[in-house]
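Peer 1: Before I ask anything, let me first share the structure, which is written out below as structure tokens.
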Amino acid sequence: MNIKVEPFDKAAIYGQLSLDEFKFKEVFGGDGWWANKYGIQLGFKTFDLFRVKDLNWLLEFNTVRPYTYSQRDPLINYAHYNQPLGHPQGANFRELLSIASFSMDRWRFRGQLVYSQYGLDPADSLNYGKDIYKSYETRVSDYGNHTVQGEKTNLYYGNLQVAYLLNPKNNLRLQTGLTVRRESGQNQTWFSFGLSSSFRNLYYDF
């Protein structure tokens, strides 16, 4: 289920709800039944923030219960080409992200901050619900399940990009960026530099 509300000009509140194997008794029973599988997204985005042209901002919260998007047979899980379709984290996580962008003449600026918390499997033989490629029949328990169960892990991610538009026709940009990533005490920092472009094929039927 999708919803979008525009409370005022150039702003929108949006959300998504995904349900699987919904049973009213179990969902509201409070026992953490393993098949209480759902995902929630809530977000807010605005354009021309503070009446500054091309200053845009997005704030979004996502959470997915353990075992969501998984199936009895991993061949029919909610994925494609070994990539989860619901969310890159798979399941069993909470996430808060913020993205801001600004354009001025041919300059483009973009910043992104992400905080994510999820539960990993402490051993390959255990299935706490994050890895959607594991059969849900290998779950650790029928009841007592909760989001971020397992080995609780925190992820902090920040990215800053600056680009100069060389050719507006094909969106050719010269860009550089800085990315900082910290996951449970392990820090990574890297720089990027390069060219990017987007190409479109337009077809017209007469």
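The values are calculated or read from the model by the stated rules, or taken from the named source; none is laboratory data. The model shown is predicted, which means the values in this text are computed figures rather than measured ones. Here the Cβ positions follow ideal geometry from the backbone for every residue, glycine too, while neighbour counts run over all protein chains shown. Ligands, DNA and RNA are stripped out before the accessible areas are found, and what is left, the full protein with its side chains, is counted by its heavy atoms. Shrake-Rupley method; radii C 1.70, N 1.55, O 1.52, S 1.80 Å.
Peer 1: Could you point to the residue in Leu174, Tyr136, Asn159 farthest towards the positive end of the stretch 99-206's charge dipole, with +1 and -1 charges on the Cβ of Lys/Arg and Asp/Glu respectively?
Peer 2: Leu174
Peer 1: Another question about this same structure. What size of dipole, in debye to the nearest 20, comes out for the stretch 44-141 about its Cα centre when the only charges are +1 on Lys and Arg C-beta atoms and -1 on Asp and Glu C-beta atoms? Intermediate results must be reported in sequence, preceding the final value.
Peer 2: On the way: 12 positive and 10 negative charges, 66 e Å.
For the stretch 44-141, the charge dipole is close to 320 debye.
Peer 1: For the pair Val162 and Phe44, how long in nm is the line joining their label points, each one 7 Å along Cα→Cβ?
Peer 2: The two pseudo-label positions are separated by 3.0 nm.
Peer 1: Describe numerically, in nm with one decimal, the distance between label points set 7 Å from Cα along Cα→Cβ at Ser197 and at Leu113.
Peer 2: 3.6 nm
Peer 1: Also, quick follow-up: Could you work out how far the C-alpha centroid of the stretch 168-201 sits from that of the stretch 128-154, in angstrom?
Peer 2: 33 Å
Peer 1: Given charges of +1 on the Cβ of Lys and Arg and -1 on the Cβ of Asp and Glu, with all other atoms neutral, how large is the dipole of the chain about its Cα centre, in debye to the nearest 20? Present the calculation step by step, with values, prior to reporting the outcome.
Peer 2: Working: 23 positive and 20 negative charges, 154 e Å.
With only Lys, Arg, Asp and Glu charged at Cβ, the dipole is about 740 debye.
Peer 1: Between Trp34, Trp107, Leu17, whose Cα lies farthest towards the positive end of the dipole of the chain when Lys and Arg beta carbons carry +1 and Asp and Glu beta carbons carry -1, centred on the Cα centre?
Peer 2: Ranked along the dipole, the leading option is Trp107.
Peer 1: Quick one: net charge around Glu137, please, counting Lys, Arg +1 and Asp, Glu -1 for every other residue with C-beta under 13 Å from its C-beta. Please report the intermediate quantities before stating the final value.
Peer 2: Numbers: positive: Arg72, Lys134, Arg139; negative: Asp73, Asp142.
It works out to a net charge of +1.
Peer 1: Heavy atoms only, probe 1.4 angstrom, no DNA, RNA or ligands counted: give me Ser184, Ser196, Ser70 ranked by accessible area, highest first. Spell out each step's value before the answer.
Peer 2: Values: Ser184 75, Ser196 35, Ser70 5 Å².
Ranked list, largest accessible area first: Ser184, Ser196, Ser70.
Peer 1: Rounded to the nearest 20 debye, what is the charge dipole size of the stretch 92-152 about its Cα centre when +1 sits on each Lys and Arg Cβ and -1 on each Asp and Glu Cβ? The partial results should precede the final answer.
Peer 2: On the way: 8 positive and 8 negative charges, 86 e Å.
Its charge dipole is roughly 420 debye.
Peer 1: In addition: Give me the net charge of Met104's neighbourhood, meaning all other residues with Cβ under 12 Å from the Cβ of Met104; Lys, Arg count +1, Asp, Glu -1.
Peer 2: Numbers: positive: Lys53, Arg106, Arg108; negative: Asp54, Asp105.
Computed value for this residue: +1.
Peer 1: Based only on the alpha carbon positions, what is the Kirkwood hydrodynamic radius of the chain, in angstrom? Please list the in-between numbers first.
Peer 2: On the way: mean 1/r = 0.0507 Å⁻¹.
The answer is 19.7 Å.
Peer 1: Could you give the length gained on full extension between Tyr133 and Ala12, defined as 0.36 nm per residue of separation minus the Cα-Cα distance, in nm?
Peer 2: Answer, rounded to one decimal: 40.1 nm.
Peer 1: What order, most packed first, do the peptides 97-104, 124-131 have when packing is the mean number of other Cβ atoms within 10 Å of each residue?
Peer 2: Values: 97-104: 14.8, 124-131: 18.6.
Descending packing order for the listed peptides: 124-131, 97-104.
Peer 1: Near Lys152, which lysines are there with a Cα under 29 Å away, not counting those fewer than 8 places off in the same chain?
Peer 2: Lys23, Lys25, Lys37, Lys130, Lys134
Peer 1: Quote the FRET efficiency, to the nearest 0.05, computed for Ser141 versus Gln188 with a Förster distance R0 of 25 Å and r equal to the Cβ-Cβ distance.
Peer 2: Details: r = 34 Å, r/R0 = 1.35.
So, using R0 = 25 Å, E works out to roughly 0.15.
Peer 1: Another question, if that's okay. Using the Karplus equation 6.51 cos²θ - 1.76 cosθ + 1.60 (θ = phi - 60°), what ³J(HN,Hα) coupling, rounded to whole Hz, does each residue of the stretch 47-56 give in order, writing x for Gly and Pro?
Peer 2: 10, 6, 4, 6, 6, 8, 4, 6, 9, 10
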